[in-house]
1. Out of (1) out of contact with any Lys or Arg (no Cβ under 8 Å at 6 or more places or on another chain); (2) of a type outside the set (Asp, Glu); (3) closer than 28 Å to residue 189 by Cβ, the odd one out for residue 81 is which?
2. What number of residues within the stretch 169-189 are closer than 17 Å to residue 156 by Cα, surrounded by 10 or more Cβ atoms within 10 Å (Cβ to Cβ) and not hydrophobic (A, V, I, L, M, F, W, C)?
3. Let me confirm something: among 219, 238, 186, 234, which residue is hydrophobic (A, V, I, L, M, F, W, C), under 17 Å from the mean Cα position of the chain (by Cα) and in a loop (DSSP other than H, G, I, E, B)?
4. Might you let me know whether the stretch 35-45 holds any residue that is of a type in the set (A, V, I, L, M, F, W, C) and over 25 Å from residue 216 (Cα atoms)?
5. Out of 197, 220, 206, 129, report the one residue that is of a type in the set (A, V, I, L, M, F, W, C), open to solvent by 20 Å² or more (accessible area, probe 1.4 Å) and modelled with pLDDT of 95 or more.
6. When both residues are 6+ apart or on different chains and their Cβ atoms are under 8 Å apart, which pairs have a first residue that lies in the stretch 229-244 and is under 14 Å from residue 69 (Cα atoms), and a second that is part of a helix (DSSP H, G or I) and of a type in the set (Ser, Thr, Tyr)?
7. State all residues of the stretch 150-168 that are among the acidic types (Asp, Glu) and open to solvent by 10 Å² or more (accessible area, probe 1.4 Å); if no residue qualifies, say none.
8. Going through the stretch 1-48 one residue at a time, which ones are more than 19 Å from residue 68 (Cα to Cα) and within 18 Å of the chain's Cα centre (by Cα)?
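The values are calculated or read from the model by the stated rules, or taken from the named source; none is laboratory data. Since the model is a prediction, treat every value here as computed from it, not as a measurement. Neighbour counts run over all protein chains shown; Cβ positions are idealised from the backbone, glycine included. All accessible areas refer to the heavy atoms of the entire protein, side chains included, with ligands and DNA or RNA removed. Shrake-Rupley method; radii C 1.70, N 1.55, O 1.52, S 1.80 Å.
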Amino acid sequence: MADRAQLAAPGSEEERLLQELDLARLPRHLAVIMDGNGRWARKRRLPRIAGHRAGISSVRELVETCARLEIPALTVYAFSKENWRRPKAEVDFLMDLLRDYMRKELDELCANNIRVKVVGRLLDLPAVVQDVLRHAVTTTAANTGLVFNLALSYGGRAEIVDACKALIRDGVRPEDVDEDSFSQRLYTGGQPDPDLVIRTGGEMRVSNFLLWQIAYAELVMTGTLWPDFRKRDLFAALHEFQRRERRFGGLSPREAPEGSPALVQG
């Protein structure tokens, strides 16, 4: 069980929110759409890249807090396939930022027993970024704490296509294809599906993110722009998650007829 004393200062807003959380009912897998860097910079009359740079602090705090909460898996939507359409200068900056982040944070990730994985089409990335990411994945492979998935050159539809291709390459007969065999060939194969998706920046869409995996996930959309997202915002989203009644297509206990199972998948 997580140590609350390490997660919030006494008397702080974070401590109040943390005290309201049931640490035994946290998500097994949290997924985050990090949106709002550009708007954060524009509000301050700064270039877009300033927003991306400021967002690194939010990533650092999110990863550290999830590790301390003992959440098993975290996936952050760092760079989508569609992001390649942005101006080359911005894309180049994002690639450099990613490279530098991983180089600087790797020792800290190891110290916190965090395992790094990449979900997406790694070969789309510049060679030097691929090398840094592969080194991080290899270096942290034996860690047993938080699994930190970086979604890079990622698209949910592309992932489904790639899983279909993997089934064909593996010679799986059509009659042997089921949800489990398909799920194992997704980029996140072997990990639990996300229970909670948080999107910052106020938009109300999933943007081609983990389309298969979030079928039953709870969605929390916050107006907080990503560079402003901090521990208190995470705790507030987790509190909202725990308020909800997850029925998975079945009935709640109070709605189910007496003697019948309350939750029915489907």
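1. (1)
2. 6
3. On the way: 219 fails: in a loop (DSSP other than H, G, I, E, B); 238 fails: in a loop (DSSP other than H, G, I, E, B); 234 fails: in a loop (DSSP other than H, G, I, E, B).
Result of the check over 219, 238, 186, 234: 186.
4. The initial filter retains those residues of the stretch 35-45 that are of a type in the set (A, V, I, L, M, F, W, C), namely 40-41.
Adding the requirement that they be over 25 Å from residue 216 (Cα atoms) leaves 40-41.
Yes, that holds for at least one residue.
5. 206
6. Taking only residues 6 or more apart or on different chains, the pairs are 231/65; 234/65.
7. To start, the set of residues in the stretch 150-168 that are among the acidic types (Asp, Glu) comprises 159, 162.
Scanning the stretch 150-168 gives a single hit, 162.
8. Once the filter is applied, which keeps residues that are more than 19 Å from residue 68 (Cα to Cα) and within 18 Å of the chain's Cα centre (by Cα), the stretch 1-48 yields 33, 34, 35, 36, 37.
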